[in-house]
Amino acid sequence: MFGEKILDYWDDILSDLGKLVAIPSVAVPSQGPHPFGDPCAKALDAVVEMAQGYGLAAKNVDYYAAHAEYGQGEGNAVVMAHLDVVPAGEGWDTDPFTLTLRDGLAIGRGVSDDKGAAVVALHCLRALKDAGVKGNRKLRVIFGSAEEIGMADMPYYFSQEQHPDMGFTPDSGYGICHCEKGILDLNIKAENDSPLVKSFAAGTVPNAVPAKADCQIVCTEEEYKRLCQAAQTAEIPFEITRTEDGARILAKGKASHAAAPEHGVNAAAHTIALLAAVFGPERLGRFFQFAHEKIGLRTDGSLLGVNMSDEPSGALTFNLGLLSANAQTCSLTVDIRYPATKDGGWVSETIEKAAQEAGLDYTLLSDAKPLYLPKESQLVTLLSQAYKEVAGEECNLYSMGGGTYARQMFGKGVGFGPSFADDIPSHAHDVNEQIDLRRFKLHAQICLEAMYRMLTAE
């Protein structure tokens, strides 16, 4: 089994992971030579330097992405990982940008999503080179820098570089994710006509459930008392303080990935529900009443009539990820994951109609089409065999709501690893992100075995 050779590089893997975790590479659109900000550029520079230090060919593609390469040939197999991360947030038990090793765990922002897998893939390429494996095509590990904010890095990268013939992204879980839901992001705006809400702030990115909300309102002393009373029986904790002309409301929910919003507690939605219960529609205004009536606490889009499901990929998910308001304007952003066999255009049109009927402005921000690769394809067969060789069990196929680089591979790629169904929670997109190092070693062996087979396949 070729895959076990990766264990010879384990100390270097952890060392390099520590170097990348130390870079707070939260992607942000930026002007100048670094399209996603200086920290993401620093992460790309770091991984190129690592690759070249191991004797691999490496290239930085205008700071959109980079790759390391081994082998020759007209074909191009790829492993795609990303070095950007979501914001750390508050409440960590350790420094999120210092790799902490304890009790068999590695803890730090990006260890599971997706810097750990990126470093492993780099060292798999190094292991193939060191062993002098003769392949039938090029094998590239591509390092992206904007996966968490819509994957604008990859269209540019592939406008400059060769498209893949096959590939996988270690940014999902085992077995093989051959089906990804469509991802639709939308924005709804309006003037703030609410005599109640002065300001509102919740969420950091659309693809995570907001764990906190901060709202300032105008209210009388009697209304303030009713608000405090209602908060005592609410489903989530609220901290309410009196201000000169009203109150400040701080809500505490629970973050989770937008692909599974039902696992989180949406602080923004619960705050609006509290306001609606105490003050009613006229005080809320058009925007906040729409959010209450048409979004509410649901995570399936049912209040807007877009709830749906299919057999390959399951049910639509709906996440109110961002909500903001000031004296002039209000804005919310929603992240929707719709079933692979359904039409995102219909979903968008249905919500747009509802928003327009309420007198609100609607903008479709993006619609990443679903991914679906047949079970009988060469790639799925190859990866299944690699998994069985290392793990000693059959490799199952599944679908998911998460959006990965697999959908950037022109119908030639899938999600494959690094996590296992019975792993401890990784807390990706949440505080205290972690990986179980024992299980991560198993992933590393599967990854190398899979890369070896992609390199040498006829």
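The values are calculated or read from the model by the stated rules, or taken from the named source; none is laboratory data. What you are looking at is a predicted structure, and each value in this text was computed from that prediction instead of being measured. Note that we place each Cβ from the backbone using ideal geometry, even for glycine, and neighbour counts take in every protein chain shown. Keep in mind that these areas ignore ligands, DNA and RNA; they rest on the heavy atoms of the full protein, side chains included. Shrake-Rupley method; radii C 1.70, N 1.55, O 1.52, S 1.80 Å.
Values computed for the structure shown
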{"quantity": "Label-point separation in nm, Lys134 to Glu393, each point 7 Å along Cα→Cβ", "calculated": "3.8 nm"}
{"quantity": "Nearest-ten-degree value, helix 437-456 long axis tilted from longest Cα axis of the chain", "calculated": "60 degrees"}
{"quantity": "Label-to-label distance, nm, for residues given as Gln162 and Asp214 (7 Å Cα→Cβ offset)", "calculated": "5.0 nm"}
{"quantity": "Cα-based helix-to-principal-axis angle, 10-21 vs the chain, degrees rounded to 10", "calculated": "30 degrees"}
{"quantity": "Calculated log₁₀ intensity ratio I(q)/I(0) where the Debye formula runs over C-alpha points of region 59-119, q = 0.12, 0.13, 0.21, 0.29 Å⁻¹", "calculated": "-0.44, -0.50, -0.92, -1.29"}
{"quantity": "Centroid-to-centroid separation of region 141-185 and region 285-349 [C-alpha atoms, Å]", "calculated": "24 Å"}
{"quantity": "Whole-number accessible area per residue in Å² for the chain, which is evaluated in the context of all protein chains at 1.4 Å", "calculated": "40 Å²"}
{"quantity": "DSSP-assigned coil residues among trypsin sites (Lys or Arg not before Pro) in region 92-170, each with at most 15 further Cβ atoms within 10 Å", "calculated": "Lys134"}
{"quantity": "Value of relative contact order over region 181-253, rounded to a whole percent, pairs C-alpha under 8 Å and six or more apart", "calculated": "28 percent"}
{"quantity": "For Gly301, residues with placed amide H under 5 Å, excluding near neighbours", "calculated": "Phe318"}
{"quantity": "Compactness of region 331-458 as Cα Rg over 2.2 N^0.38 Å, two decimals", "calculated": "1.37"}
{"quantity": "Which of Ala118, Pro155, Val390, positive extreme of dipole for the chain (C-beta unit charges)", "calculated": "Val390"}
{"quantity": "Accessible-area value, Leu284, 1.4 Å probe, nucleic acids and ligands omitted, Å²", "calculated": "0 Å²"}
{"quantity": "Asp171 long-range amide H proximity, modeled H, under 5 Å", "calculated": "Phe416"}
{"quantity": "Charge dipole of region 14-116 about the Cα centre (unit charges at C-beta), most positive-ward option of Ala65, Gly91, Gly18", "calculated": "Gly18"}
{"quantity": "Efficiency of FRET between Trp346 and Asp38 - r from beta-carbon atoms, R0 51 angstrom, step 0.05", "calculated": "0.80"}
{"quantity": "Average Cα contact separation per residue, region 216-336, under 8 Å, 6 or more apart, as relative contact order %", "calculated": "18 percent"}
{"quantity": "Exposure rank, largest accessible area first [Asp367, Asp45; 1.4 Å]", "calculated": "Asp45, Asp367"}
{"quantity": "Cα centre as origin, Lys/Arg/Asp/Glu Cβ charges: the chain dipole, Debye", "calculated": "260 debye"}
{"quantity": "Karplus-derived HN-Hα couplings along region 197-212 (A = 6.51, B = -1.76, C = 1.60, θ = phi - 60°), whole Hz, x at Gly and Pro", "calculated": "8, 8, 7, 8, 9, 8, x, 10, 9, x, 8, 9, 6, x, 8, 9"}
{"quantity": "0 to 90° range, to nearest 10: angle between helix 344-357 axis and the chain longest Cα axis", "calculated": "20 degrees"}
{"quantity": "Listed residue (Leu284, Val209, Tyr224) projecting farthest to the positive dipole end of the chain, Cβ model", "calculated": "Val209"}
{"quantity": "For region 151-166, Karplus couplings with θ = phi - 60° (6.51, -1.76, 1.60), whole Hz, Gly/Pro x", "calculated": "6, 5, 5, 6, x, 5, 4, 6, 6, 10, 10, 5, 6, x, 8, 6"}
{"quantity": "The chain, relative contact order in percent, only Cα pairs under 8 angstrom and at least six apart counted", "calculated": "24 percent"}
{"quantity": "Volume in Å³ per residue [convex hull over Cα atoms, computed for the chain]", "calculated": "141 Å³"}
{"quantity": "Kirkwood Rh and Cα Rg combined as Rg/Rh, region 30-163", "calculated": "0.99"}
{"quantity": "In sequence order, calculated HN-Hα J values of region 45-59 (Karplus, 6.51, -1.76, 1.60; Hz; x Gly/Pro)", "calculated": "4, 5, 6, 5, 4, 4, 4, 5, x, 9, x, 9, 5, 8, 8"}
